[in-house]
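Asks: Would you mind keeping the following structure in view while I ask a few things?
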Amino acid sequence: MKVFDRISQMMSDKNTFTLMSDDDGKATFKNGRSLFFTEVILTLTILRDSETDFGIIPLPKFDETQADYIQFADGWCISAASVPHCAKNPELSGYVLQAMAEANVKEVIPAYYDICLTGKYIRDDESAEMLDIIFNNCVLDNSDIFQWAGLDGAFKTAFTKETSLEALAEKYRSKMEAAIEKTLAAIEENT
């Protein structure tokens, strides 16, 4: 509740925070008219030709007592793989996915990290250290991945309209519980 209240307070202060479309946010930051811009790492590709000098920092800790940084990883910006229920040889499919995952960890990620991120997109050594913090503390949010009851959009609306967490929970509780139950039933049915 403290986190929700703090974010709501910051987002309602129109002198320091503006919620805008992705394209408008990117253009505003790229043109040097914004001090901070929260976005996925992929956005570095469009900032490469920006004349505005910039660095990368992780999302801040809530307060000084928080042990580690927590970095939101957008579930819609990752490539997921799954084995369909009707797969003729699910063990082989799993083996191939595991081999691909291992190759990704050993070959693709280091190449992307070294060649693209630290070699082409960032502009200072401190940002490389910040990327290490970000990548070592990523979390996925099931609510974002499954889009249960449209809650992600409801949070944005609640923040900008200064709705309380209690009111938001009351409004979405039954829809959210039903959506989670439906997801769990589908997973259970297919395992």
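Computed from the coordinates by the stated procedures, all read-outs in this text should not be read as laboratory data. Small disclaimer: the values here were computed from a predicted structure and weren't measured. For neighbour counting, all protein chains shown are included, and Cβ atoms are generated from backbone atoms with ideal geometry for every residue, glycine included.
Asks: Can you list the lysines whose alpha carbon is less than 22 Å from that of K2, not counting same-chain residues fewer than 8 positions off?
Replies: Hits, sequence-local ones excluded: K14, K61, K156, K161, K171.
Asks: What Kirkwood radius, in Å to one decimal, follows from the Cα pairs of the range 93-183?
Replies: It is 16.9 Å.
Asks: Based on alpha-carbon positions alone, could you give the equivalent ellipsoid semi-axes of the range 2-189 from the gyration tensor, as √(5λ), descending, whole Å?
Replies: That gives 31, 29, 15 Å for the three semi-axes.
Asks: On to the next question. Whats the longest run of the chain with zero GluC sites (Glu not before Pro) that are DSSP loop and have at most 13 other Cβ atoms within 10 Å?
Replies: 65-161
Asks: From Cα coordinates alone, what are the radius of gyration and Dmax values for the range 50-96 in angstrom?
Replies: Rg and Dmax of the range 50-96, Cα atoms, are 19.8, 53 Å.
Asks: Also: Among A111, I56, T28, whose Cα projects farthest towards the positive end of the dipole of the range 2-189, with charges put on the beta-carbon of Lys, Arg (+1) and Asp, Glu (-1)?
Replies: The residue sitting most towards the positive pole is T28.
Asks: Find out how many positive minus negative residues lie around A73, taking Lys and Arg as positive, Asp and Glu as negative, among other residues whose Cβ is under 12 Å from that of A73.
Replies: Around A73, the surrounding residues sum to -3.
Asks: Moving to a separate point now. So, in Å, what gap is there between the alpha-carbon centers of the range 117-189 and the range 1-73?
Replies: The two parts, judged by their Cα centres, are 15 Å apart.
Asks: Still on this structure, I have one more. Taking the Cα centre of the range 2-189 as the origin, how large is its charge dipole in debye, to the nearest 20, when only Lys and Arg (+1) and Asp and Glu (-1) carry charge on their Cβ atoms?
Replies: Value, rounded to 20: 520 debye.
Asks: Okay, moving on. Can you sort T28, T18 so the residue with the fewest Cβ neighbours within 10 Å comes first?
Replies: Fewest-to-most Cβ neighbours within 10 Å comes out as T18, T28.
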